[in-house]
Amino acid sequence: MKPYDPIFADTPGTGLGYPGSYWTATSGPVPADDGVAPVAVDTDIAVIGGGYTGLSTAYHLARRYGRQVTVLEANRPGWGCSGRNGGFARMAFGRLSFSDMVGRFGRDGARRLFGSTMASLDNVREMIGDGAIDCDASEAGHLKIAPKASRAGALEAEAEVMRRELEYPAEYLPAAQLQRDHVGGTQSHGALRIPDALAVHPLKLSLGVLRMARAAGAAVHSSSPVTAWQKNGATHRLTTPHGIVNAREVVIATNGYTPTALHPELRATLFPILSHIIVTRPMTDAEIAGSNFITGHVMTDVRKLMFYWRRLPDRRILFGGRGLIADTPWRNANHRDYLLRELIAKYPALDGITVDYDWHGWVCFTRDFLPRIRRATDDPTVHYAVGYQGSGVSLSLYAGRLLAAQIADDAGEAGIDAARLPLARFPAHALLRIPQRAMFYWYRFLDSRG
Ligand SMILES: Cc1cc2nc3c(=O)[nH]c(=O)nc-3n(C[C@H](O)[C@H](O)[C@H](O)COP(=O)(O)OP(=O)(O)OC[C@H]3O[C@@H](n4cnc5c(N)ncnc54)[C@H](O)[C@@H]3O)c2cc1C
């Protein structure tokens, strides 16, 4: 069987179970959804995709604006990235660093955009509170770590830009302070500390938003991939394996799992990339003492192929990274071993630690590395939010709120100008895996240098 790759597949599957992740093993009972889509449905708004973006759109449309919404999810609610990510809810807008924001949009534009990323994190806090979602959320903070001494100066400068231009209390932690107060090891050469970030259980969060959407009146159908889409006059006609859904407006919330042929506006505009996570067995006292792995912060490093990691509440380490190109069992096993080697290279005191869980998912890149939350250019009744560039926990939940406001013409929600730019197509989209391989080798080479 050919490995699944969203660039070539018609759907991400039908009715597939959750991956064998640490999150699946610890999420507790999965709440009910509305089962498969019936033979015939007429709805005000159809939402394609049941992750954070789709469920949050449905929740906000139903709860705030009293609209009738039907979510169509190919597999299960939260089955995509939303139920399998690292659980770092951060302030982020695609791949832009905060100093990039200032360079690109000027001081005022950067402040507005940074304000939106703060609003996205506040929205996560608000939704967790409103839905009383038990998702092991903690106010963790984020450490962006220099893995080499030569990378520390840029982080110190970034902290300074955030304080001066954005008036945000970012801190720079020199190596000694980082190693004493947070985490030791061989690659802790200083860090930018951003106090606002949450650590969450991502699948519990997805299932919490599922409950909220249904309680607000939205219908959420699982095992219901949209396999064809036509427009008859003002009505969108979506085909699922079980029947037809007629809708006045449609939201595309399929992100990295978007089938290339789903809608012409998105054709060849998205570049899905695999991200892989390992979760170790719980650390022993000696391993914690040897690595001084005491921080509750979520962590990323400044590399082209960035690693992300955190200590979990039960003393395990979650460690993730990109670099894998094809989703085959052999390559996945290699990548699991590679991630473990890189973890131990950071923290030699963990030599001998074993991996209890590993899994992966498809994150979504765009040509300019910026997310989109907008209406389709040629059809104002089609809306989408895509391209979170692997940092979408906060932004996708917020995108759902903004899409709902867009549909309801609620001028009270300002939206994000930078997310409204038209999407550019990738040339030779079907061949992208070839340059990606070369690019990843090049990135690894750059990351290995000083
Ligand atoms: C391993 C990994 C780690 C990550 N870690 C982090 C992190 O720590 N912090 C962070 O901010 N971000 C992280 N991300 C990214 C983040 O999880 C995503 O940006 C976010 O979850 C996107 O949510 P979504 O609802 O847009 O998409 P998804 O959750 O991927 O949902 C899309 C859904 O669409 C469905 N679908 C696709 N096609 C169809 C169709 N034709 N019909 C019906 N349904 C369809 C799919 O089945 C899928 O469930 C990570 C991602 C991965 C894979």
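Each residue in the stretch 251-275 was checked for being within 11 Å of the ligand (Cβ to nearest atom) and in contact with a His (Cβ under 7 Å, 6 or more places away or on another chain), and 4 pass. Highlighted here are the strands (runs of 3 or more DSSP E) found entirely within the stretch 239-323 that include at least 2 residues which are modelled with pLDDT of 95 or more and aromatic (Phe, Trp, Tyr): 307-311.
Restricting attention to the stretch 74-109, the residues being buried (at least 24 other Cβ atoms within 10 Å of the Cβ), more than 7 Å from the ligand (Cβ to nearest atom), more than 22 Å from Arg214 (Cα to Cα) and at pLDDT 95 or above number 1. Applying the criterion of being surrounded by fewer than 13 Cβ atoms within 10 Å (Cβ to Cβ) and hydrophobic (A, V, I, L, M, F, W, C) to the residues of the stretch 1-24, the residue that is nearest to the ligand (Cβ to nearest atom) is Phe8. Do we have Ala37 as over 19 Å from the mean Cα position of the chain (by Cα), at pLDDT 95 or above, closer than 18 Å to Asn75 by Cα and within 14 Å of the ligand (Cβ to nearest atom) here? Criteria met by Ala37.
Filter the stretch 381-408 down to residues that are closer than 14 Å to Phe88 by Cα and either within 7 Å of the ligand (Cβ to nearest atom) or crowded, with 24+ Cβ neighbours inside 10 Å (or both), then give me how many there are. If you could, list the steps in order and put the result at the bottom.
Residues of the stretch 381-408 closer than 14 Å to Phe88 by Cα: 388-397.
Then keep just the ones that are either within 7 Å of the ligand (Cβ to nearest atom) or crowded, with 24+ Cβ neighbours inside 10 Å (or both); that gives 388, 390-397.
Going through the stretch 381-408 one residue at a time, the tally reaches 9.
Out of Gly131, Gly190, Gly185, Gly141, one residue alone is of a type in the set (Gly, Ala, Ser), out of contact with any strand residue (DSSP E or B) (no Cβ under 6 Å at 6 or more places or on another chain) and farther than 29 Å from Glu287 by Cβ. It is Gly131. When Pro29 is tested against (1) touching a residue at least 40 places away in the same chain (Cβ under 8 Å); (2) more than 9 Å from the ligand (Cβ to nearest atom), only condition (1) is not met. Within the stretch 138-145, the presence of a residue that is under 17 Å from Thr53 (Cβ atoms) and within 14 Å of the ligand (Cβ to nearest atom) is excluded.
Pairs are defined by a Cβ separation below 9 Å, a sequence spacing of at least 6 or placement on different chains, a first member in the stretch 87-113 that is polar (S, T, N, Q), and a second member that is assigned to a strand (DSSP E or B); the pairs so defined are Ser97/Lys144. Scanning the stretch 316-330 for residues that are among the charged types (D, E, K, R), surrounded by 20 or more Cβ atoms within 10 Å (Cβ to Cβ) and farther than 30 Å from Ala286 by Cβ yields one hit, Arg322.
Specify the residue that is nearest to the ligand (Cβ to nearest atom); the eligible residues are those in the stretch 276-291 that are within 15 Å of Arg310 (Cβ to Cβ) and in contact (Cβ under 8 Å) with a residue 40 or more places away in the chain. Give the steps one after another, and end with the answer.
First pass over the stretch 276-291, keeping only residues within 15 Å of Arg310 (Cβ to Cβ): 277-280, 282-283, 288, 291.
If we keep only those that are in contact (Cβ under 8 Å) with a residue 40 or more places away in the chain too, we end up with 277-280, 283, 291.
On the way: Ile277: 5, Ile278: 10, Val279: 11, Thr280: 16, Met283: 20, Ser291: 21 Å.
Among them, the one singled out is Ile277.
When the stretch 205-221 is limited to residues that are more than 12 Å from the ligand (Cβ to nearest atom) and under 17 Å from the mean Cα position of the chain (by Cα), the one that is surrounded by the fewest Cβ atoms within 10 Å (Cβ to Cβ) turns out to be Gly208.
I'm trying to understand the selection: among the residues of the stretch 162-188, which are of a type in the set (A, V, I, L, M, F, W, C) and buried (at least 20 other Cβ atoms within 10 Å of the Cβ)? Even if it seems obvious, please write down each step before you answer.
So the first thing to find is which residues in the stretch 162-188 are of a type in the set (A, V, I, L, M, F, W, C), and the list is 162, 166, 170, 173, 175-176, 178, 183.
The answer is Met162, Leu166, Ala170, Leu173, Leu178, Val183.
Selection of strands (runs of 3 or more DSSP E) fully inside the stretch 340-418 by the criterion of at least 1 residues being closer than 27 Å to Thr235 by Cβ returns 372-375, 382-386.
The values are calculated or read from the model by the stated rules, or taken from the named source; none is laboratory data. The structure displayed is predicted, hence computed values, not measured ones. Quick reminder, even Gly has a Cβ in these numbers, built from the backbone with ideal geometry, and neighbours come from all protein chains shown.
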